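Peer 1: One structure coming up, written as structure tokens, with questions to follow.
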Amino acid sequence: MFAEDAVYVSSGLSERKLDRANIIASFKTYFEEFADQVSVDDNIKLIGPNTFSSDWRLKTTSVKTGKLSERAGTQVTTFNEAGLIAYVEVRDQT
């Protein structure tokens, strides 16, 4: 789904993930700790020719600590001309 040169930005990450391999590695690490994540998109809208936003919320439990986490926010996703994900920005609600 991700372009080779995709960029993934999230307030939950310490740094931008700058290519497909780093994005996938980050997801793998995240889902190893939060394997039970359930997320819902409440609102999805087209905001540009190749860009959409979604308002999301999720619940998950850390396998390391047993702590339940609930988060919500907005994600903006842009696709390249080949239809692959080129850019993702995840913004948690404050």
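The values are calculated or read from the model by the stated rules, or taken from the named source; none is laboratory data. Predicted model only: the values in this text are computed from it and were never measured. Backbone-built Cβ (ideal geometry, glycine too); neighbour counts: all protein chains shown.
Peer 1: Which numbered condition in (1) in contact with a Leu (Cβ under 6 Å, 6 or more places away or on another chain); (2) surrounded by 14 or more Cβ atoms within 10 Å (Cβ to Cβ) is the only one that LEU84 fails?
Peer 2: Unmet for LEU84, out of (1) in contact with a Leu (Cβ under 6 Å, 6 or more places away or on another chain); (2) surrounded by 14 or more Cβ atoms within 10 Å (Cβ to Cβ): (1).
Peer 1: Still on this structure, please answer the following. When you check THR65 against the structure, is it under 20 Å from GLN93 (Cα atoms) and at pLDDT 95 or above, yes or no? Spell out how you get there, then give the answer.
Peer 2: On the way: under 20 Å from GLN93 (Cα atoms): no; at pLDDT 95 or above: yes.
Considered against the rule, which asks whether it is under 20 Å from GLN93 (Cα atoms) and at pLDDT 95 or above, THR65 comes out as no.
Here is a yes/no grid of residues against (1) touching a helix residue (DSSP H, G or I) at 6+ places or on another chain (Cβ under 9 Å); (2) of a type in the set (A, V, I, L, M):
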site: GLY12; (1), (2): yes, no
site: VAL40; (1), (2): no, yes
site: GLY48; (1), (2): no, no
site: GLU70; (1), (2): no, no
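Peer 1: Which residues, taken from segment 22-69, are touching a residue at least 24 places away in the same chain (Cβ under 8 Å), part of a helix (DSSP H, G or I) and loosely packed, with under 11 Cβ neighbours inside 10 Å?
Peer 2: GLU32, the sole residue that qualifies.
Peer 1: How many residues, within segment 1-21, are without any contact (Cβ under 8 Å) to a residue 24 or more places away in the chain, in contact with a strand residue (DSSP E or B) (Cβ under 7 Å, 6 or more places away or on another chain) and either under 22 Å from LYS64 (Cβ atoms) or β-branched (Val, Ile, Thr) (or both)?
Peer 2: First, the residues of segment 1-21 that are without any contact (Cβ under 8 Å) to a residue 24 or more places away in the chain: 4, 13-21.
So of that shortlist, the ones also in contact with a strand residue (DSSP E or B) (Cβ under 7 Å, 6 or more places away or on another chain) come out as 16-20.
Now narrow it down to the ones that are either under 22 Å from LYS64 (Cβ atoms) or β-branched (Val, Ile, Thr) (or both): 17.
Number of matching residues: 1.
Peer 1: In the list ILE23, ILE47, which residue meets the criterion of being under 19 Å from ALA82 (Cα atoms), of a type in the set (Val, Ile, Thr) and in contact with a Ser or Thr (Cβ under 8 Å, 6 or more places away or on another chain)? So that I can check it myself, show each step before the final result.
Peer 2: On the way: ILE23 fails: in contact with a Ser or Thr (Cβ under 8 Å, 6 or more places away or on another chain).
After ruling out the rest, the residue left standing is ILE47.
Peer 1: A further question on this structure: Need the failing condition index for GLY73 against (1) of a type outside the set (A, V, I, L, M); (2) within 15 Å of the chain's Cα centre (by Cα); (3) within 16 Å of MET1 (Cβ to Cβ), just the number.
Peer 2: With respect to (1) of a type outside the set (A, V, I, L, M); (2) within 15 Å of the chain's Cα centre (by Cα); (3) within 16 Å of MET1 (Cβ to Cβ), GLY73 is out only on (3).
Peer 1: Out of ALA3, ALA72, report the one residue that is part of a strand (DSSP E or B), touching a Leu at 6+ places or on another chain (Cβ under 7 Å) and surrounded by 13 or more Cβ atoms within 10 Å (Cβ to Cβ).
Peer 2: None of the other options fit; the residue is ALA3.
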